[in-house]
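As structure tokens, the structure follows; a few thoughts come after it.
Every read-out reported here was derived from the displayed coordinates using simple, explicitly stated rules and does not represent laboratory data. The model shown is predicted, which means the values in this text are computed figures rather than measured ones. Neighbour counts are summed over all protein chains in view; Cβ atoms, including those assigned to glycine, are modelled from backbone coordinates with ideal geometry.
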Amino acid sequence: MTKFLNKAYKARDAASTRTLYDDWAASYEAEVCENGYATPGRCADALARRVDDLAAPVLDFGCGTGLSGLALKHAGFSTIDGVDLSEEMLNGARDKGVYRHLDQIEAGQDLPRTDYTAMAAIGVIGAGAAPISVLHQLMRALPHDGKLVFSFNDHALEDPANMAGVSEWTDCGAARLLFKEAGAHLPGIDLNSTVYILEKA
């Protein structure tokens, strides 16, 4: 079953992205879980090993129906906020009961809160989803030594703009690459992802 997955990686504007995810919300978890969605757990575990205080607030950017929030909770984080473009996806996240705050945001909108020393953008940046400008937005919002975990799937890695965005932070010393690991993303459709953690200098 890949009713929506075969549409998800096509480039589109923010309004069309919201519509796709609103329409997908009811069947999203069944479809991605059927295909072995592994990236949330990989990201959450990597971040948990590199933060000092698992009780400090963490932002789940592009939280969708909350699979990433559940992964963060299972990794030991206890204060999790989520934001997403799609209100229908957020309804699914509310049902998980793992978030302190959940907010719908518009593309490019300022974050509703910025008291985070750790943030996650799990399966968020890439074709058909959020642009690389999201990475810049989140990194700018982090304090000194703040950490961002994010993933690029195989499709995202095909766009040189995405790794160039990472290099904008690391090449000049504005951030340090703490972690990089390739692995499974959606093995059911033979799609992999690379997980990264940047620490702001």
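Taking other Cβ atoms within 10 Å as a rough exposure proxy, 166, 149 sort from fewest to most as 166, 149. Pairs exceeding 21 Å between alpha-carbon atoms, taken from 96/147; 96/200; 180/200: 96/147; 96/200. Simple rule: put +1 on each Lys or Arg Cβ and -1 on each Asp or Glu Cβ in region 5-200, find the dipole, and look at 119, 149, 174; the Cα lying farthest toward the positive end is 174. Divide the volume of the convex hull around the Cα atoms of region 5-200 by the residue count and you get 101 Å³ per residue.
As a rough footprinting exposure proxy, the listed residues 81, 145 were ranked by other beta carbons within 10 Å of their own, and the order from fewest upward is 145, 81. Placing +1 on the Cβ of every Lys and Arg and -1 on the Cβ of every Asp and Glu, with no other charges, gives region 5-200 a dipole of roughly 380 debye about its Cα centre. The order of 191, 90, going from fewest to most other C-beta atoms within 10 Å of their C-beta, is 191, 90. Enclosing the Cα atoms of region 53-169 in their convex hull gives a volume equal to 98 cubic angstrom per residue. Straight-line cross-link partners of residue 73 among the aspartates and glutamates, defined as a Cα under 19 Å from its Cα and at least 8 positions apart when in the same chain: 29, 45, 52, 53, 60, 81, 84, 95, 103, 115.
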